[in-house]
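Below: the structure, in structure tokens.
The values are calculated or read from the model by the stated rules, or taken from the named source; none is laboratory data. On a predicted model such as this, the values are computed, not experimentally measured, just so you know. No Cβ is skipped: glycine too gets one built from the backbone with ideal geometry, and neighbour counts run over all protein chains shown. The accessibility values were calculated without ligands, DNA or RNA, using every heavy atom of the protein model including side chains. Shrake-Rupley method; radii C 1.70, N 1.55, O 1.52, S 1.80 Å.
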Amino acid sequence: MAGLKGLKKKRRVQVLMVAALALTLSAGLIGYGFRDGINFFRSPSQVMESPPAPNEVFRIGGLVEEGTIVRGEGETVRFSVTDGGATVPVEFTGILPDLFAEGQGMVGTGSYDGRVFKATEILAKHDETYMPKEVVDALKEQGVYVEPEPET
């Protein structure tokens, strides 16, 4: 009988070790799966203060700087995004959203090569008063945020 109790205890320890290993492995696989799915937000000031690695994909947001949109050079559109404290040049190849315009809020996903933010996706505000929370926070931090006029 004493040998049977020791065997049960040994089996219980083995089951717990296998469960811990499975939990660790699944947590690692989940983290590996999310590595490209989580994009951190940075304002233009944050990008200029501490430039991210060229292979890091992140989101940048701010206002499209007046007079900087250059179209007509193939499918690539060039413009600058600012938060009032810093300006980052952006290049985007593709079709811009309809509401994309100078002086309007935008958020782009892509990477910064040390010179230009290469956007793979551009999102523009979807009505006259909406601006992404991250962009509002970045503009407030720089002291250039203006509350939109209420609609009448």
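Pairs, please: C-beta under 8 Å, at least 6 apart or cross-chain, first residue of a type in the set (Phe, Trp, Tyr) and in region 26-41, second modelled with pLDDT of 80 or more?
Phe40/Phe58; Phe40/Arg59; Phe41/Phe58; Phe41/Arg59; Phe41/Ile60; Phe41/Gly61; Phe41/Val107
In region 102-152, which residue that is modelled with pLDDT of 85 or more and aromatic (Phe, Trp, Tyr) is nearest to Val77 (Cα to Cα)?
Among those that are modelled with pLDDT of 85 or more and aromatic (Phe, Trp, Tyr), it is Phe117.
Out of region 70-95, which residues are among the acidic types (Asp, Glu) and at pLDDT 85 or above? Step through it out loud before you land on a result.
Initially, region 70-95 is screened for residues among the acidic types (Asp, Glu), giving 73, 75, 83, 91.
Residues satisfying the conditions are Asp83, Glu91.
Considering region 93-120 alone, what residues qualify as being surrounded by 14 or more Cβ atoms within 10 Å (Cβ to Cβ) and assigned to a strand (DSSP E or B)?
Gly105, Met106, Val107, Gly108, Thr109, Gly110, Ser111, Tyr112, Phe117, Lys118, Ala119
Do we have Gly33 as assigned to a helix (DSSP H, G or I), under 18 Å from the mean Cα position of the chain (by Cα) and surrounded by fewer than 18 Cβ atoms within 10 Å (Cβ to Cβ) here?
When the stated conditions are applied, Gly33 passes them.
Just checking, how many residues over region 48-70 are outside any strand (DSSP E or B), among the aliphatic types (A, V, I, L, M) and either under 23 Å from Ile95 (Cα atoms) or open to solvent by 70 Å² or more (accessible area, probe 1.4 Å) (or both)?
Taking region 48-70 and keeping what is outside any strand (DSSP E or B), we get 48-57, 65-69.
Filter again for among the aliphatic types (A, V, I, L, M), leaving 48, 53, 57, 69.
The next check asks that each one be either under 23 Å from Ile95 (Cα atoms) or open to solvent by 70 Å² or more (accessible area, probe 1.4 Å) (or both); those that pass are 48, 57, 69.
Qualifying residue count, region 48-70: 3.
If I ask for residues that are among the acidic types (Asp, Glu) and either under 20 Å from Asp137 (Cα atoms) or surrounded by 17 or more Cβ atoms within 10 Å (Cβ to Cβ) (or both), which ones from region 71-90 would you list?
The answer is Asp83, and nothing else.
Residues Gly105, Gly84: which one is under 15 Å from Ala119 (Cβ atoms), in contact with a helix residue (DSSP H, G or I) (Cβ under 6 Å, 6 or more places away or on another chain) and in contact (Cβ under 8 Å) with a residue 12 or more places away in the chain? Can you show your working first?
Values: Gly84 fails: under 15 Å from Ala119 (Cβ atoms).
Within the list Gly105, Gly84, the selection yields Gly105.
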